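The values are calculated or read from the model by the stated rules, or taken from the named source; none is laboratory data. Remember, it's a predicted structure, so these values are computed and weren't measured experimentally. Reconstructed Cβ throughout: ideal geometry from the backbone, glycine too, with neighbour counts over all protein chains shown.
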Amino acid sequence: DFQVELPKVKQDELGELSQAIQTLARDLERLKKERNEFLAAIAHELSTPLTYLIGYTKVAMRPEIQEDERNRYLRILVEESERMKELVKNLVDLAKMDENSFTISKENFEAKAYFQQLINLVRPSFTLKDLELTFICNKDVQIYADPLRLEQIFLNLLDNAKKYSPSYTQVTLSVSTEQNKTIISITDQGIGIPPDEIDYIFEKLYRVEKSRSRSLGGSGIGLAVVKELVEAHGGTIDVKSTLGKGSTFTITLKGEVAE
Ligand code: ADP
């Protein structure tokens, strides 16, 4: 009769193999669990602003409502929609980064005019919260970066500075150069980050004291995106913070000049 001859495998090799397969199966389970948790968190983040949107729209539609009150609700509608838009944009970018299908195109431009425009864009929302926004950029600093990606980085950081600062404090954006490097920092006088949590804030979905940031509309996605974007530029990001006093996020970019 017919018999297949199997290669002889030593007992200990077989043991190693079965262990490797078990580890693989465990990794797969863990990844599946992480993916499901991630999806659940995203679904939650998207449904919270949607609940507000629906609620405020219904109130704004009431015929008896006063004009200025209606306008207040409409402003909230716009703000919540913008926040959702940013969240979705960050998510799409995170997915692209994971697949390495993410491109940045750097160019040279002048820092002062660039950041002034960005400041003008966000200033109304700072004023609304009685936060003073200061911009310092003395020299004629040139930046070599992807202007759209840089905007995404600083909209995220400025949004955090605003979210985690009490009214009547100051947020400062400053740009300087040092040995062919561009240094951009954002300093706030906000609630600060606990020292034992500071190492984790750049991780996906990580939030300090989940409740404190969720009530402030946080998703734990922003800083993960910021870090990836900075590193895609060949730059670094650093954070210094004192609980109850405030935080400084510093980004250092290579001051290369395009060929
Ligand atoms: P979130 O959407 O929750 O703000 P981020 O990824 O942007 O997510 O930030 C991660 C966590 O880091 C936040 O939950 C918050 O606790 C903390 N954090 C970020 N920026 C600041 C800041 N300027 N001041 C205090 N805490 C901050």
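Matching residues to (1) outside any loop (DSSP other than H, G, I, E, B); (2) modelled with pLDDT of 75 or more; (3) among the hydrophobic types (A, V, I, L, M, F, W, C):
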residue	(1), (2), (3)
Arg212	yes, no, no
Gly220	no, no, no
Val230	yes, yes, yes
Ser241	yes, yes, no
Gly244	no, yes, no
Val257	no, no, yes
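Is it true that some residue in region 172-180 is farther than 20 Å from Val225 by Cα, more than 14 Å from the ligand (Cβ to nearest atom), under 22 Å from the mean Cα position of the chain (by Cα) and β-branched (Val, Ile, Thr)?
Checked against the condition, which is being farther than 20 Å from Val225 by Cα, more than 14 Å from the ligand (Cβ to nearest atom), under 22 Å from the mean Cα position of the chain (by Cα) and β-branched (Val, Ile, Thr), region 172-180 yields at least one hit.
Output the residues belonging to region 240-256 that are among the hydrophobic types (A, V, I, L, M, F, W, C), within 11 Å of the ligand (Cβ to nearest atom) and surrounded by 16 or more Cβ atoms within 10 Å (Cβ to Cβ). It would help to see each step written out before you state the result.
Residues of region 240-256 that are among the hydrophobic types (A, V, I, L, M, F, W, C), as a first pass: 243, 249, 251, 253.
Right, trim to within 11 Å of the ligand (Cβ to nearest atom) and you get 243, 249.
Across region 240-256, the qualifying residue is only Phe249.
Please state which one of Asn160, Asn108, Asn156 is buried (at least 19 other Cβ atoms within 10 Å of the Cβ) and over 15 Å from Gly190 (Cα atoms).
Details: Asn160 fails: over 15 Å from Gly190 (Cα atoms); Asn108 fails: buried (at least 19 other Cβ atoms within 10 Å of the Cβ).
After ruling out the rest, the residue left standing is Asn156.
Is there a residue in region 194-206 that is within 15 Å of the ligand (Cβ to nearest atom), closer than 22 Å to Glu79 by Cα, part of a helix (DSSP H, G or I) and of a type in the set (Phe, Trp, Tyr)?
Here is the first cut: in region 194-206, the residues within 15 Å of the ligand (Cβ to nearest atom) are 194-206.
Of the ones still in play, those that are also closer than 22 Å to Glu79 by Cα are 205.
Those still in the list that are part of a helix (DSSP H, G or I) too: none.
Looking for residues that are within 15 Å of the ligand (Cβ to nearest atom), closer than 22 Å to Glu79 by Cα, part of a helix (DSSP H, G or I) and of a type in the set (Phe, Trp, Tyr), one finds none in region 194-206, hence no.
Under 7 Å between Cβ atoms, at least 6 apart or on separate chains: pull out the pairs that start in region 106-125 with a residue that is touching a residue at least 60 places away in the same chain (Cβ under 8 Å) and end on any residue that is of a type in the set (D, E, K, R).
So the pair list comes out as Lys106/Asp146.
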